[in-house]
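Input: a single structure, listed below in structure tokens.
The values are calculated or read from the model by the stated rules, or taken from the named source; none is laboratory data. As the structure is a computational prediction, the values presented were derived from the model and not from experiment. No Cβ is skipped: glycine too gets one built from the backbone with ideal geometry, and neighbour counts run over all protein chains shown. All accessible areas refer to the heavy atoms of the entire protein, side chains included, with ligands and DNA or RNA removed. Shrake-Rupley method; radii C 1.70, N 1.55, O 1.52, S 1.80 Å.
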Amino acid sequence: AARRCGPIRARSAATTFFAREPQVGEEQSLPLLSGTVAIVSGIGPGTGTALAASFAQHGAKVMLSARTDRHLEPILDLISALGGMADFQACDITDPVQCRALVDKTVERFGKLDTLAANAVAMGRPGP
């Protein structure tokens, strides 16, 4: 059974990043970010998903992060199904211990960290 990945527009946007065919006369080369590792925080059904898909489409290995894992696994599955390499970890960016654990897991999983796309927003402690 297929898993739902947020609104259809998010899935379509991510799929578009991966599905783009080279244009006539366009040179084929290694992806721009081949061999790099990125953390993308604030994964959700919009900008975070598009950022993660773009990093992966350009060859980066991506660690997905959001306050809860509600959106993370479906986006991981989407990126993996489309040929990208990713992993995920829930992380509250207002908690330094969780942020350190996110970086540590990224380095443990992928061997290094090159880029942080800080897409998460902290506007106070979340409610219950």
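State all residues of segment 45-55 that are open to solvent by 10 Å² or more (accessible area, probe 1.4 Å) and either at pLDDT 90 or above or in contact with a Pro (Cβ under 7 Å, 6 or more places away or on another chain) (or both); if no residue qualifies, say none. Matches in segment 45-55: Pro45, Thr47, Ala50, Leu51, Ser54, Phe55. Kindly indicate whether any position in segment 79-87 is in contact with a Ser or Thr (Cβ under 6 Å, 6 or more places away or on another chain) and modelled with pLDDT of 90 or more. Checked against the condition, which is being in contact with a Ser or Thr (Cβ under 6 Å, 6 or more places away or on another chain) and modelled with pLDDT of 90 or more, segment 79-87 yields no hits at all. Filtering segment 33-44 for residues that are closer than 24 Å to Val103 by Cβ, loosely packed, with under 13 Cβ neighbours inside 10 Å and modelled with pLDDT of 90 or more leaves a non-empty set. Checking Asp87, Asp77, Asp69 one by one, the residue that is in contact with a helix residue (DSSP H, G or I) (Cβ under 6 Å, 6 or more places away or on another chain) and either open to solvent by 50 Å² or more (accessible area, probe 1.4 Å) or of a type in the set (Asp, Glu) (or both) is Asp87 and no other. Being surrounded by 17 or more Cβ atoms within 10 Å (Cβ to Cβ), hydroxyl-bearing (Ser, Thr, Tyr) and closer than 18 Å to Gly42 by Cβ is the requirement here; does Thr106 meet it? Against the criterion (surrounded by 17 or more Cβ atoms within 10 Å (Cβ to Cβ), hydroxyl-bearing (Ser, Thr, Tyr) and closer than 18 Å to Gly42 by Cβ), Thr106 qualifies. Scanning segment 107-119 for residues that are out of contact with any helix residue (DSSP H, G or I) (no Cβ under 8 Å at 6 or more places or on another chain), within 13 Å of Ala52 (Cα to Cα) and either in a loop (DSSP other than H, G, I, E, B) or among the acidic types (Asp, Glu) (or both) turns up just one, Ala118. Checked against (1) farther than 26 Å from Met123 by Cα; (2) at pLDDT 90 or above; (3) not small (Gly, Ala, Ser), Glu21 meets all criteria but (2).
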